[in-house]
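Enquirer: Could you have a look at this structure, given as structure tokens, before my questions?
The values are calculated or read from the model by the stated rules, or taken from the named source; none is laboratory data. Note that the structure is a prediction, hence the values are computed from the model and not measured. For neighbour counting, all protein chains shown are included, and Cβ atoms are generated from backbone atoms with ideal geometry for every residue, glycine included.
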Amino acid sequence: MLWINCELCGLNVPGPLYHPLESSSCEMQLCEDFETCRPTGTVRNECDNNDICQYGVRYGSKDYSTGHIATETFKFGRIKVTLRKIVFGCAKHTSLYANGVLGIRSSKFSYCIGNTSDRSYPYNTLVIRDKIELIGYKTPMIIEDKYYITLESINIGNKLLNIDPEILRRKF
């Protein structure tokens, strides 16, 4: 699920905030709209007193976000792509210090992290598509709606603990 901060949510939420009333294309979704108001994965939905669809999501870290479901036209900068009627969460309350979250579930994606302190650095890129050409190293991600890393060994100081890697392996 994609959600962004729509009003002051939690403490010290970073800006900018999205103001749905200032948009000519934003539409809050009614509970009767099954396609946009049905629960998916870890997201639960319910209706408020005005029959507007509300969402709630809780993450493994115990952080959360709640608000209304809406649709909006999204425009992406340099590539000048416009996507209409994108369903998103308009967050009213969150415990995360973030502008928002993009949940991509188990779709294929790549994320190239380069010089993150330089906003003009052209290779900090998120790509979501089936065929991605890899140049460099990859870190595989596995199963479910959470991502895990594989623990291979444990060091305390300079001492490597003699632990069978099979014991450290996640059991499904």
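Enquirer: In the stretch 53-73, how many are buried (at least 16 other Cβ atoms within 10 Å of the Cβ) and under 14 Å from Val87 (Cα atoms)?
Expert: Residues flagged as buried (at least 16 other Cβ atoms within 10 Å of the Cβ) and under 14 Å from Val87 (Cα atoms) within the stretch 53-73 amount to 9.
Enquirer: Right, here's the next one. Of the numbered conditions (1) exposed (fewer than 11 other Cβ atoms within 10 Å of the Cβ); (2) in a strand (DSSP E or B); (3) not hydrophobic (A, V, I, L, M, F, W, C), Glu35 satisfies every one except a single condition; which is it?
Expert: (2)
Enquirer: Just checking, how many residues over the stretch 38-59 are closer than 18 Å to Asn5 by Cβ and either assigned to a loop (DSSP other than H, G, I, E, B) or among the hydroxyl-bearing types (Ser, Thr, Tyr) (or both)?
Expert: The qualifying residues number 2.
Enquirer: Provide a single number: the residues in the stretch 28-42 that are more than 13 Å from Val87 (Cα to Cα) and in contact (Cβ under 8 Å) with a residue 60 or more places away in the chain.
Expert: Going through the stretch 28-42 one residue at a time, the tally reaches 2.
Enquirer: Which ones in the stretch 21-47 are touching an Asp or Glu at 6+ places or on another chain (Cβ under 8 Å) and at pLDDT 80 or above?
Expert: Result: Ser23, Ser25, Cys26, Glu27, Leu30, Cys31, Glu32.
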